[in-house]
1. Per 0.36 nm of contour for each residue apart, how much would the distance between residue 59 and residue 26 grow if the chain were fully extended, relative to their Cα-Cα spacing?
2. Using 0.36 nm times the number of residues separating residue 49 and residue 2, minus their current alpha carbon distance, what extension gain do you get?
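What follows draws every value from the coordinates through simple rules; no lab data is involved. In this text the structure is predicted, and so the values were computed from the model without any measurement.
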Amino acid sequence: MTDAVIDAIEEYRGERLQRTDFVLFEDIDSESLNTLFRHDSQPRTTVTITTDDVRIELWGDGGVKIRVTDQTEKKKGNGL
């Protein structure tokens with residue numbers, strides 16, 4: 001799951017991340033994230049993470065969807 005999150009952030013930014021410079025793993029426990037979104041987990045699981053300059057939303061409803069936005073969008077009223 002964490003690889004999918006990093007891929008989504010890279011796609012959002014349009015650049016490859018230097019994984020050693022990116023602090024995602026300092027902000028979340030990757031094992032917990034994987035457990036929340038495993039194949040037999042509860043439907044409608046939602047998690048929001050803010051790290052560096054992005055806001056990451058994950059939700060499961062039979063699959064997992066990931067949305068990455070600028071961390072400030074919600075503060076400006078342009079977010080969810």
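1. Length gained, residue 59 through residue 26: 9.8 nm.
2. Result: 15.7 nm gained on full extension.
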